[in-house]
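One structure below.
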Amino acid sequence: MIFIGVNLTDSDSVQGAQQFVQQYHVPYRIVYDRHNELAQSFGILAIPTTLLLDRSGTVVYRITGEMPQVLHRALAQFVHQDSKRGTFCSENGA
């Protein structure tokens, strides 16, 4: 499983987002979606939105708003086991 966070707010700078990742020890990759390309591609209209995608990139589950605690805990276990801690990618994964 791969978990990727996407920063959709245009009020954040890349530097500010990097500081957030370091300060809060974010345990997964963050992508900065400066031009809202990912948001538009996946129909994200609200923050936060959580999407689970299958291997082909098809959305199989969507949560708009705060994630239920039980799902949050389950995903956190996967993220902790198999991720790079605090990686920040500046333009859509670059």
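The values are calculated or read from the model by the stated rules, or taken from the named source; none is laboratory data. From a predicted model like this one, the values you see are computed outputs, not experimental measurements. When we count neighbours, we look across all protein chains shown, and the Cβ atoms used for this are built from the backbone with ideal geometry, even at glycine.
Quick notes on this structure:
- Within region 77-94, none of the residues are out of contact with any strand residue (DSSP E or B) (no Cβ under 6 Å at 6 or more places or on another chain), modelled with pLDDT of 75 or more, of a type in the set (Gly, Ala, Ser) and not in a helix (DSSP H, G or I).
- Residue within region 64-75 that is at pLDDT below 85, under 29 Å from Ser13 (Cβ atoms) and of a type outside the set (A, V, I, L, M, F, W, C) present: yes
- Residues of region 22-31 classified as at pLDDT 85 or above and either in contact with a Phe, Trp or Tyr (Cβ under 8 Å, 6 or more places away or on another chain) or more than 26 Å from Gly57 (Cα to Cα) (or both), total: 2
- Considering residues of region 5-36 that are within 11 Å of the chain's Cα centre (by Cα) and not in a loop (DSSP other than H, G, I, E, B) only, the residue farthest from Ala76 (Cα to Cα): Tyr32
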